[in-house]
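The block underneath contains the structure these notes are about, expressed in structure tokens.
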Amino acid sequence: MAIRSRARAVVALLVLGAGALAAASATWLRTSVSTALEPEAAVVVTGTTAAPGVAAAAFVVVAGALATTLGGSLARRVALVVAAGGGLGITASAVAVLLDAEGPAVLGASDAAGVTELASPVQVTLLPWLAALAGALVVVVAVLALLGAGSWAATGGRHERAGTAEARPAAEPDPQADWDALSRGTDPSSDR
């Protein structure tokens, strides 16, 4: 069940990375606090505040997906391993919030209202669960892509290091031979 198409792997990783980033930018936690001015002030905590690792790891996944389009065989494999690591980071950060939602909620309340005492229980939205799922799917896609990467077509050579056969020094130009070639109507640089 390996992914035998580089385009499918790249698109899947880009979509999952972008999805995790979008999930991180929305509200993950809701609670309220009591302040001197309001007996119950609503506090919302976004994923980037609750779990900053999700956004960072999502960028790693996107970068890894893009890197698979540029490099050779070894570089593609390294990029896919990096993307899988990003997926693990997304899942770990989201699960940490799911296991202890009160810590990030207190931090969000402190930032929003300057109060660390919560007045209501913390409500967790669906988005941390979706981020954790996206991270797990990134790992699955990266592993399946690694299994199928051997069948992917080689990239054009522009991002590869030149081999020793191509790196031979060019022959010294001979001005007299170049002039003679021009006199015959041929391009003297065509054989270089």
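The values are calculated or read from the model by the stated rules, or taken from the named source; none is laboratory data. On a predicted model such as this, the values are computed, not experimentally measured, just so you know. In this analysis, Cβ positions are derived from the backbone assuming ideal geometry, glycine residues included, and neighbour counts consider all displayed protein chains. For the accessible areas, the whole protein counts, side chains as well, though only heavy atoms, and no ligand, DNA or RNA atoms are used. Shrake-Rupley method; radii C 1.70, N 1.55, O 1.52, S 1.80 Å.
Is one or more of the residues making up the stretch 121-142 in contact (Cβ under 8 Å) with a residue 60 or more places away in the chain, of a type in the set (Val, Ile, Thr), surrounded by 15 or more Cβ atoms within 10 Å (Cβ to Cβ) and touching an Asp or Glu at 6+ places or on another chain (Cβ under 8 Å)?
The answer is yes; a qualifying residue exists.
Picking from GLY19, GLY47, GLY87, which residue would you name as being crowded, with 18+ Cβ neighbours inside 10 Å, under 27 Å from ALA153 (Cα atoms) and either in contact with a Leu (Cβ under 8 Å, 6 or more places away or on another chain) or in contact (Cβ under 8 Å) with a residue 40 or more places away in the chain (or both)?
GLY87
Quick one: ASP100 ticks every box in (1) open to solvent by 30 Å² or more (accessible area, probe 1.4 Å); (2) within 16 Å of the chain's Cα centre (by Cα) bar one, so which box is it?
Against the list (1) open to solvent by 30 Å² or more (accessible area, probe 1.4 Å); (2) within 16 Å of the chain's Cα centre (by Cα), ASP100 comes up short only on (2).
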